[in-house]
Amino acid sequence: TQLLEQSPQFLSIQEGENLTVYCNSSSVFSSLQWYRQEPGEGPVLLVTVVTGGEVKKLKRLTFQFGDARKDSSLHITAAQPGDTGLYLCAGGSTNAGKSTFGDGTTLTVKP
Amino acid sequence: KAGVTQTPRYLIKTRGQQVTLSCSPISGHRSVSWYQQTPGQGLQFLFEYFSETQRNKGNFPGRFSGRQFSNSRSEMNVSTLELGDSALYLCASSPPLQGAADTQYFGPGTRLTVL
């Protein structure tokens, strides 16, 4: 069974601070996705990374896929209250449609 | 292009009843997956359908079932509801592109409350 562990589980910071959240596994994934979910809504896809060592930037968000494709990190620069939400990572497999999800990091950015 | 839609958004049922939830994927997407999300268990995979066939199944009891129609719309059914079935049920569709089949686009979910 492929498992994804996310850390920290909860993070509360002030507006303007930087932060990094992590997604780790002992398994290799063909790809990894990051999602943000707001209460009562479905997860919204932020990025997909597929190549070991790949770095993608989305405005103030920087995503990195580990060289061995077992882990990933999400770094947010100058966090804003609008960044508040549950950040989920999901590992893709050759078994299409059956992603493995981490339990998420709940981020709160205070104004 | 319209996103994934799910109906209804909210549902209240009592123990022992059954419920049917509906999902319309993004146009052109043929893979539809269903997940159950609860505060204690996170996102748990239920099943995945592709071209009207169940292709993958998670570890849920037989009370949970689904189907997919020729237009890729999907339904899931839960029979003999239990209190523990209260959850947000999420549907996701995937594009038919090579290497992107594991990128999923989620609907807003159906919030099911079992009393």
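The values are calculated or read from the model by the stated rules, or taken from the named source; none is laboratory data. What you see is a predicted model; the values in this text were computed from it and never measured. With ideal geometry, Cβ positions are generated from the backbone for all residues, glycine too; neighbour counts draw on all protein chains shown. When the accessible area is computed, the model is the full protein with side chains, heavy atoms only, and any ligands, DNA or RNA have been set aside. Shrake-Rupley method; radii C 1.70, N 1.55, O 1.52, S 1.80 Å.
For A:Ala79, indicate whether it is touching a residue at least 12 places away in the same chain (Cβ under 8 Å) and away from chain B (no Cβ under 12 Å).
Judged against the criteria, A:Ala79 is a match.
If A:Gly66 passes every condition in (1) surrounded by 15 or more Cβ atoms within 10 Å (Cβ to Cβ); (2) more than 14 Å from chain B (Cβ to nearest Cβ); (3) in contact (Cβ under 8 Å) with a residue 24 or more places away in the chain but one, which one does it miss?
(3)
Residues to consider are B:Glu82, B:Glu75; find the one that is under 10 Å from the mean Cα position of the chain (by Cα) and touching a residue at least 12 places away in the same chain (Cβ under 8 Å).
When all the criteria are applied, what remains is B:Glu75.
I need a count of the residues in segment A:70-100 that are open to solvent by 20 Å² or more (accessible area, probe 1.4 Å) and at pLDDT 90 or above.
Selection size over segment A:70-100: 11.
Sort out which residues of segment A:32-63 are open to solvent by 30 Å² or more (accessible area, probe 1.4 Å), within 11 Å of another protein chain (Cβ to nearest Cβ) and over 11 Å from the mean Cα position of the chain (by Cα), and write them in order of number.
A:Glu38, A:Pro39, A:Gly40, A:Glu41, A:Val44, A:Val50, A:Thr51
Looking at segment B:12-68, what strands (runs of 3 or more DSSP E) fall wholly within it and have at least 3 residues that are open to solvent by 50 Å² or more (accessible area, probe 1.4 Å) and without any contact (Cβ under 8 Å) to a residue 60 or more places away in the chain?
B:53-57
Is it fair to say A:Leu45 is under 23 Å from B:Phe106 (Cα atoms) and part of a loop (DSSP other than H, G, I, E, B)?
no
Quick test of your reading of the structure: B:Gly66 fulfils all but one of (1) farther than 18 Å from B:Val114 by Cα; (2) facing chain A (nearest Cβ under 9 Å). Name the failing condition by number.
Tallying (1) farther than 18 Å from B:Val114 by Cα; (2) facing chain A (nearest Cβ under 9 Å), B:Gly66 fails exactly one: (2).
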